[in-house]
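As structure tokens, the structure follows; a few thoughts come after it.
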Amino acid sequence: MATWGGLINRYGLRMDISHSVEPVTLFEGNTPLIPAPRLGAKIVPGGHLYLKYEGLNPTGSFKDRGMTTAMTQAVADGAKTVICASTGNTAASAAAYAARAGLKCVVLVPDGKIALGKLAGAIAYGANVITVTGSFDDGLRMVREASERAPIALVNSVNPARLQGQKTAAWEVTEQLGKVPDWLCLPVGNAGNITAYWLGFCEDGEIRPRLLGAQAAGSAPIVLGKRVDNPDTRATAIRIGNPARWAEANTALKESNGTILAVTDHEIFDAYHMLAEIEGVFCEPSSATGVAGLYKSVQSGTVETEGKTFVCVLTGHGLKDPDSAVMKAPEMVTVPPDTDSLLKALDLATGANI
Ligand code: AN7
């Protein structure tokens with residue numbers, strides 16, 4: 001059967017995890033690499049832009065890549081309960097894969113700072129959701145300590161099995177593109193993903209992309225070189241002030257001759273709207289951060305575009321955060337149920353005289 005069987009089925013031999021149990025999988029991975037010529041002409045003139053649309057994973061984010069391996073390892077280790085702290089996507093992914101494996105799942109999320117679609121996922125998949133009156137960083141500290149003191153498996157990306165799954169995205173990009181891109185651009189929060197991509201590219205060969213990481217200006221510890229105690233951004237997925245994989249991210253940036261920069265929420269939302277309106281690709285705000293960072297770097301002259309190939313990783317689906325999308329709702333027009341009113345509204349909406 002030639003259908004897609006998930007990441008462990010496809011890449012298991014190259015994964016340093018236990019192979020003693022059946023993979024826990026929802027057939028994650030194999031997400032499309034979408035050419036974005038119109039957006040590319042605007043933000044990388046003379047270059048080629050591609051979008052790795054990770055929102056098409058089973059729970060709507062790239063986290064599923066690492067969760068298949070982390071959950072399979074947890075089962076192999078005999079775990080009965082898994083736990084994670086999360087800004088939302090890890091929680092939804094852990095909850096789904098725990099359900100699939102028949103394990104109990106506890107997720108800690110920052111109170112009031114998690115997008116609706118992620119909370120909906122975690123609840124739907126049957127996780128025990130605990131909200132913390134603190135940041136993601138507080139939550140991560142708490143679950144790390146709890147997993148040391150109680151027999152609970154930690155499935156945050158401090159767990160090395162997570163990276164074993166997440167690194168496959170680098171291999172997919174190279175396979176789909178037929179070569180290694182010149183630049184790989186992505187948002188950076190807890191820094192697990194940038195670490196995993198670099199691991200994947202390094203394991204794949206000598207030719208590697210330069211990495212462009214982008215953080216939200218109110219939550220940019222790696223850019224600033226110091227911890228942010230009260231991280232703040234409307235891109236709640238990357239509202240993280242003390243990344244667990246900070247040192248690894250710096251190594252990846254240095255070894256790849258890469259760059260990391262901060263972008264404002266305004267720049268993030270600009271990129272978010274451009275992706276959806278110019279290319280028809282709807283990602284969550286945090287996911288647009290890599291695109292915003294690329295655009296800003298090109299405009300400032302840090303990154304040259306002529307003849308270069310850029311891959312931007314869109315880490316999560318737009319429907320994860322419906323509130324951010326409908327903030328444009330005031331532009332909607334309401335009409336009474338008659339066609340004259342509709343035609344009048346059409347004139348206004350299209351600027352044409354219909
Ligand atoms: C859409 O779910 O940290 O730098 O707890 O959901 O690997 O942390 C999410 C992070 C980018 C940042 N884009 O990736 C969590 C969590 C989206 C995300 C990131 C996240 P990392």
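The values are calculated or read from the model by the stated rules, or taken from the named source; none is laboratory data. Note that the structure is a prediction, hence the values are computed from the model and not measured. Ideal geometry is used to build each Cβ from the backbone, glycine not excepted, and the neighbour counts take in all protein chains shown. Just the protein is used for accessible areas: all its heavy atoms, side chains included, with ligands, DNA and RNA removed. Shrake-Rupley method; radii C 1.70, N 1.55, O 1.52, S 1.80 Å.
The table that follows gives values for the structure above.
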{"quantity": "Candidate set from segment 192-219 (those that are among the aliphatic types (A, V, I, L, M) and surrounded by fewer than 24 Cβ atoms within 10 Å (Cβ to Cβ)); member that is farthest from the ligand (Cβ to nearest atom)", "calculated": "ILE207"}
{"quantity": "Index of the failed condition, GLY40 passing every other in (1) within 19 Å of LEU177 (Cα to Cα); (2) open to solvent by 10 Å² or more (accessible area, probe 1.4 Å); (3) of a type outside the set (A, V, I, L, M)", "calculated": "(2)"}
{"quantity": "Test for VAL82: is it open to solvent by less than 10 Å² (accessible area, probe 1.4 Å) and either among the acidic types (Asp, Glu) or more than 27 Å from ASP16 (Cβ to Cβ) (or both)", "calculated": "no"}
{"quantity": "Flag for GLU175 being without any contact (Cβ under 8 Å) to a residue 40 or more places away in the chain and assigned to a helix (DSSP H, G or I)", "calculated": "yes"}
{"quantity": "Selection from segment 309-332 of residues that are within 16 Å of the ligand (Cβ to nearest atom) and either open to solvent by 70 Å² or more (accessible area, probe 1.4 Å) or more than 18 Å from the chain's Cα centre (by Cα) (or both)", "calculated": "LEU319, ASP323"}
{"quantity": "Which numbered condition SER256 fails, given (1) surrounded by 18 or more Cβ atoms within 10 Å (Cβ to Cβ); (2) within 20 Å of the chain's Cα centre (by Cα); (3) more than 15 Å from ILE43 (Cα to Cα)", "calculated": "(2)"}
{"quantity": "Residue check for GLY225: at pLDDT 95 or above and touching an Asp or Glu at 6+ places or on another chain (Cβ under 8 Å)", "calculated": "no"}
{"quantity": "Residues that are more than 18 Å from ALA85 (Cα to Cα) and either open to solvent by 10 Å² or more (accessible area, probe 1.4 Å) or within 9 Å of the ligand (Cβ to nearest atom) (or both), drawn from segment 61-73", "calculated": "GLN73"}
{"quantity": "Selected residue [open to solvent by 30 Å² or more (accessible area, probe 1.4 Å) and more than 11 Å from the ligand (Cβ to nearest atom)] from ALA120, ALA153", "calculated": "ALA120"}
{"quantity": "Segment 86-101 - residue that is more than 20 Å from HIS317 (Cα to Cα) and either crowded, with 24+ Cβ neighbours inside 10 Å or touching a residue at least 60 places away in the same chain (Cβ under 8 Å) (or both) and, of those, nearest to the ligand (Cβ to nearest atom)", "calculated": "ALA98"}
{"quantity": "Test: residue in segment 165-173 that is closer than 18 Å to ALA95 by Cα and surrounded by fewer than 16 Cβ atoms within 10 Å (Cβ to Cβ)", "calculated": "no"}
{"quantity": "Any hit, segment 231-245, residues being farther than 19 Å from CYS312 by Cα, away from the ligand (no atom under 15 Å from the Cβ) and either surrounded by 20 or more Cβ atoms within 10 Å (Cβ to Cβ) or not hydroxyl-bearing (Ser, Thr, Tyr) (or both)", "calculated": "yes"}
{"quantity": "Residue that is nearest to the ligand (Cβ to nearest atom), among those in segment 178-188 that are open to solvent by less than 10 Å² (accessible area, probe 1.4 Å) and part of a loop (DSSP other than H, G, I, E, B)", "calculated": "VAL188"}
{"quantity": "Yes/no for ALA79 being within 16 Å of the ligand (Cβ to nearest atom) and either farther than 25 Å from ARG149 by Cα or hydrophobic (A, V, I, L, M, F, W, C) (or both)", "calculated": "no"}
{"quantity": "Selected residue (only one of ALA345, ALA249 is farther than 24 Å from VAL44 by Cβ and aliphatic (A, V, I, L, M))", "calculated": "ALA345"}
{"quantity": "Residue match in segment 296-308 (condition: surrounded by 14 or more Cβ atoms within 10 Å (Cβ to Cβ) and either modelled with pLDDT under 95 or within 16 Å of the ligand (Cβ to nearest atom) (or both))", "calculated": "no"}
{"quantity": "Within segment 11-37, considering residues that are in a loop (DSSP other than H, G, I, E, B) and of a type in the set (Gly, Ala, Ser), the one most open to solvent (accessible area, probe 1.4 Å)", "calculated": "SER20"}
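This table checks each residue for (1) more than 26 Å from ALA122 (Cβ to Cβ); (2) not aliphatic (A, V, I, L, M).
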| site | (1), (2) |
| --- | --- |
| ILE17 | no, no |
| GLY29 | no, yes |
| LYS42 | yes, yes |
| GLY55 | no, yes |
| GLY60 | no, yes |
